[in-house]
Amino acid sequence: MAERSGFFNGRQMRDPDGAPLLHEDGSPRFDREYTAAEFAEMFSLYLTNGIRNGGNSLRVVADNGLVVRVLPGDAMINGYFYKLLDDGRIFQIERNLGGSARTDRIVLRLDLRQDEGRRISLELKRGDTSLTRSNEFWELAIADISVPLNFTNLTQAQITDRRLDPNLCGLIHSLVAIDTTGLLAQLDSFFSQQRQIWTAQTNEYGTWFQGTSDQWNGWFNQIKAELFAQTNTIFEDWSRRAGYTIETDFFPGHPGGFRVVETLLNTINRSVLATKTTQFNAEGTEINEALVWSEPPLSVNKRTTFGENRVIETITNA
């Protein structure tokens, strides 16, 4: 089984007598020596071809006349990096003196030839929009420039940006990705189980709450009924005390029906201790009684409804 790994520090090699071993050019030999191609292979495992960041990185702009400028930027081709610095690079576009309109292409070319190459460079391909991609050359398209017949002044409208086209150039991005299929399946299973638990707990709580609410409402209604009976009894008792009296007013023409207002007051200073209002509706099917005490502040209402063979009493606002 073949295995490869790297990169590690090298140890200088020596002959049996201890003398350092040398390359033909006189440089020392090491037991760990790597080529540029191996470094490029490593980078190509994690980074795609393309320019870095987009924006103005290696963007082609019209400069003056038939001159275009490639702005500074960075790129990666098959694990080899490229960087354009300072003010970028200028290209002079040849004037189109005959034939039809011509399209030139600016490319970023990786040249792996051992003698003439070993570099990445910007190149202008006149009248050629092809891309060479082989073991020795690999090109990324940066921009296409339309050159009309006899044209002498290029504008930005004649420059077609190709940097963001993933088939021609594209942006550098990481090839490292996480397969989340298994994780998502586990999360879906977890949430499905939790949903069942939460649903059961919610139903259980709803049943408990409804039962408890019914019990509480029954108890509270009973308390309100007792409160009305007690306050009504107290109202009657105060009227029998020395110094207090009840004055009764009748309003037979009241819009809501016949009304009786009883006022419990201090006979001497005429201060009102409580009032009791009894309202009979015009149909004779309902009586509303309201007791309002001044000290301490208290308000109790009672509604009596007469139906078929039954009487319903409801206490509110206790």
Ala157 paired with Phe39, simple spin-label distance in nm, labels 7 Å along Cα-to-beta-carbon: 4.7 nm
Might you report the magnitude of the Cβ-based charge dipole of the range 50-161 about its Cα centre, with Lys and Arg at +1 and Asp and Glu at -1, to the nearest 20 debye? 80 debye
In which sequence would Asp128, Asp111 go, from the one with the fewest C-beta neighbours within 10 Å to the one with the most? Asp128, Asp111
Show me the trypsin sites (Lys or Arg not before Pro) within the range 1-84 that DSSP assigns to loop and that have at most 12 other Cβ atoms within 10 Å of their Cβ. Arg4, Arg11, Arg32
Relative contact order of the range 34-81, pairs being alpha-carbon contacts under 8 Å that are 6 or more residues apart, as %: 45 percent
Would you mind ranking Ile51, Ile90, Ile246 so that the residue whose beta carbon has the fewest other beta carbons within 10 Å leads the list? Ile90, Ile246, Ile51
Counting Lys and Arg as +1 and Asp and Glu as -1, what is the net charge of the other residues whose Cβ lies under 12 Å from the Cβ of Asn53? +2
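Counting other Cβ atoms within 10 Å, keep those with at most 12, restrict to DSSP loop, and tell me which trypsin sites (Lys or Arg not before Pro) in the range 116-173 are left.
Listed in order of number, the matching sites are Arg118.
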Between Ser192 and Asp214, take the C-beta separation as r, use R0 = 35 Å, and let me know the FRET efficiency to the nearest 0.05. 0.55
Rounding to the nearest 10 and keeping the result within 0 to 90°, find how far the Cα-based axis of helix 181-238 lies from the longest principal axis of the chain. 20 degrees
When a/c reaches 1.5 or more, the comparison of a/b and b/c decides; with that in mind, is the chain rounded, prolate or oblate per its Cα gyration tensor? prolate
Return a whole-number percent for the relative contact order of the chain, with Cα pairs under 8 Å and 6 or more residues apart as the contact set. 10 percent
Quick check on the chain: helices-only [θ] at 222 nm, where DSSP H runs of length 4 and up contribute -39,500 (n - 2.57) each and the sum goes over total residues. Nearest 500, please. -7500 deg cm²/dmol
Around Asp128, which amide H atoms from residues at least 5 apart in sequence, or from another chain, sit under 5 Å from its own amide H, with H modelled in the peptide plane? Arg105
Contour minus Cα-Cα span, His23 to Asn9, at 0.36 nm per residue, comes to 3.2 nm
Could you grab the relative contact order for the range 50-161? Cα pairs under 8 Å, six or more apart, rounded to a whole percent. 27 percent
For a footprinting-style exposure proxy, rank Ser44, Ser192, Ser294 by other Cβ within 10 Å, fewest first. Ser192, Ser294, Ser44
I'd like the distance between the alpha-carbon centres of the range 113-190 and the range 29-55, rounded to an integer number of Å. 18 Å
Can you pull out the GluC sites (Glu not before Pro) in the range 97-149 that DSSP calls coil and that have at most 11 other Cβ atoms within 10 Å? Glu116
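A short reminder: the numbers here are calculations on the coordinates, not readings from a lab. Bear in mind that the values here come from a model prediction, so they are computed numbers and not experimental data. All Cβ positions, glycine included, derive from the backbone under ideal geometry; neighbour counts span all protein chains shown.
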